[in-house]
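So the structure is just underneath, and the comments pick up after that.
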Amino acid sequence: MPTDGRWEAIDENGARRSFSWNDRVRDPILGTLGRPVHAAYGVDAQLFRLQRALDDVATWAAHDVETRALLADVEVRKNGREPFVRHLESARRPE
């Protein structure tokens, strides 16, 4: 998914359709893509919430017959340490 959270895919009727992360995710923190956000309750809690959002959006976008999973590479900066990347993936949909 591009950093703006929008993608196009073929639906179950064979038509090209637009999908958007923010059509489903209304939380202002989880809805922020491509720029830093503060993890008020800690990194683990924020990553957990993002994982649940990825799973939810993948289920919600069930009319998208092309996409098998949603991916997120999250750059984490914690307490001034070197950043690291955490890779998250939604539950995979059957082919």
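The values are calculated or read from the model by the stated rules, or taken from the named source; none is laboratory data. Predicted, not measured: the structure shown is a model, and the values here were computed from it. For neighbour counting, all protein chains shown are included, and Cβ atoms are generated from backbone atoms with ideal geometry for every residue, glycine included.
Descriptive notes on the structure:
- Residue pairs meeting the criteria (Cβ under 6 Å; at least 6 apart or on separate chains; first closer than 18 Å to LEU71 by Cα, in the stretch 35-49; second assigned to a loop (DSSP other than H, G, I, E, B) and of a type in the set (Gly, Ala, Ser)): GLN46/ALA39
- Residues located in the stretch 4-47, provided they are over 18 Å from GLY80 (Cα atoms), part of a loop (DSSP other than H, G, I, E, B) and over 13 Å from the mean Cα position of the chain (by Cα): GLU12, ASN13, GLY14, ALA15, PRO28
- The residue of the stretch 1-48 that is modelled with the highest pLDDT, among those that are hydrophobic (A, V, I, L, M, F, W, C) and loosely packed, with under 11 Cβ neighbours inside 10 Å, is ALA15.
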